[in-house]
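The values are calculated or read from the model by the stated rules, or taken from the named source; none is laboratory data. A quick note: this is a predicted structure, and the numbers were derived from the prediction, not measured. Every residue, glycine as well, gets a Cβ built from its backbone with ideal geometry; the counts of neighbours run over all protein chains shown. We work out accessible area using only protein heavy atoms, side chains counted, and drop any ligands, DNA or RNA first. Shrake-Rupley method; radii C 1.70, N 1.55, O 1.52, S 1.80 Å.
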Amino acid sequence: AAVALAEAVAGTESAFADLMNREAQRMGLKNTRYANPHGLPHPNNYSTARDLSILATRLITDFPELYKIYSTKSFTYNRITQPNRNRLLWLDPTVDGMKTGHTQAAGYCLIATAKRPNGSSGDRRLISVVLGTESHAMRAQESQKLLNWGFLNFDTYKVYSKGQAVLTPTVWKGSSNSIKLGFNRDVYVTLPRGSNAKLKPVVERTDPLVAPIAQNMRVGTLKLMADDKVVNSLPLLALEQVNEATIVGRAFDSVRLLFQR
């Protein structure tokens with residue numbers, strides 16, 4: 001019976017781990033693998049600082065109500081009080097999370113997040129990931145250094161507003177001759193301080209644009225470049241719907257397109 005129970009538990013753990021791995025891939029965690037659902041040490045349990053930062057970002061944006069728990073300094077249940085092991089909650093008032101960890105293989109780890117004013121753009125949040133330190137104190141110290149360095153040396157700029165027309169290209173065979181292209185959210189980019197003047201947009205679009213075109217349909221890609229490097233790559237969306245033209249209008253544009261090639 002004990003052997004059967006152990007096999008059942010192992011099978012359940014494997015099923016949950018498979019589910020977690022599929023979700024990790026969907027989220028873009030390219031160098032993460034889960035061998036079990038509880039996180040206890042295993043040779044096939046691994047991740048990277050970058051993947052952990054992506055995971056932390058998704059938790060903050062997807063579950064803002066749950067994220068508030070990570071700023072709780074202590075919790076008491078059944079007359080037993082457990083303190084939060086994130087020392088930065090006491091040292092830096094701008095820190096509001098996030099997660100400590102420790103295993104013999106990984107050392108003392110900390111994902112720390114802080115939110116500080118960003119001029120006229122409102123507050124800005126940074127996430128630091130520190131792995132493999134030798135003590136509670138060291139992981140807090142190194143995390144604080146990283147956060148301070150990031151806030152001091154980088155700025156976040158709002159590049160486009162939600163619904164702003166970035167381009168207004170020609171539409172063929174449509175009820176309208178043009179269409180507004182842009183994004184369904186505000187677009188921000190983080191750059192080294194003072195380098196926003198170097199930012200340049202580069203649009204990649206397959207022409208011609210032929211109706212019908214649905215609202216929010218992806219019609220291209222906009223790359224934000226700085227010093228010939230891609231800072232961000234964004235799907236360019238149709239901000240409005242363009243229906244097909246009448247049969248006469250479609251025929252007229254078909255002829256015009258012959259002379260565009």
Quick one: is A112 closer than 20 Å to N21 by Cα, buried (at least 19 other Cβ atoms within 10 Å of the Cβ) and not acidic (D, E)? no
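Quick one: which of L239, L222 is crowded, with 16+ Cβ neighbours inside 10 Å, over 16 Å from W172 (Cα atoms), in contact (Cβ under 8 Å) with a residue 24 or more places away in the chain and under 22 Å from the mean Cα position of the chain (by Cα)?
Details: L239 fails: under 22 Å from the mean Cα position of the chain (by Cα).
One residue alone meets the criteria, L222.
Matching residues to (1) modelled with pLDDT of 95 or more; (2) open to solvent by 60 Å² or more (accessible area, probe 1.4 Å); (3) of a type in the set (K, R):
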position	(1), (2), (3)
G101	no, no, no
G122	no, no, no
Q141	yes, yes, no
N148	yes, yes, no
V159	no, no, no
K162	no, yes, yes
V171	no, no, no
Six or more apart or on different chains, Cβ under 9 Å: which pairs go from a residue in the range 32-49 that's under 13 Å from S14 (Cβ atoms) to one that's acidic (D, E) and exposed (fewer than 14 other Cβ atoms within 10 Å of the Cβ)? Could you list them? Y34/D18
Among residues belonging to the range 1-28 that are at pLDDT below 85 and either in contact with a His (Cβ under 9 Å, 6 or more places away or on another chain) or not small (G, A, S) (or both), point out the one that is farthest from S47 (Cα to Cα). V3
The correct count of residues that are surrounded by 15 or more Cβ atoms within 10 Å (Cβ to Cβ) and either of a type in the set (S, T, N, Q) or closer than 25 Å to D92 by Cβ (or both) in the range 178-188 is 1
Among the residues of the range 138-145, are any within 20 Å of Y70 (Cβ to Cβ) and in a loop (DSSP other than H, G, I, E, B)? no
How many of the residues in the range 194-209 are in contact with a Gly (Cβ under 8 Å, 6 or more places away or on another chain) and open to solvent by 60 Å² or more (accessible area, probe 1.4 Å)? 3
Would you check which residues across the range 44-63 are open to solvent by 40 Å² or more (accessible area, probe 1.4 Å) and within 11 Å of G28 (Cβ to Cβ) and list them? R50, I54, L55, T57, R58
Would it be correct to say that A35 is touching a His at 6+ places or on another chain (Cβ under 9 Å) and open to solvent by less than 50 Å² (accessible area, probe 1.4 Å)? yes
Which pairs turn up if I take residues in the range 92-111 that are among the charged types (D, E, K, R) and look for partners that are surrounded by 20 or more Cβ atoms within 10 Å (Cβ to Cβ) with beta carbon separation below 6 Å, at least 6 apart in sequence or on another chain? K99/I111
Restricting to the range 225-261, count the residues that are of a type in the set (D, E), part of a strand (DSSP E or B) and at pLDDT 90 or above. 0
Return only the number of the condition from (1) touching a helix residue (DSSP H, G or I) at 6+ places or on another chain (Cβ under 7 Å); (2) closer than 30 Å to L89 by Cα; (3) open to solvent by 60 Å² or more (accessible area, probe 1.4 Å) that D227 does not satisfy. (2)
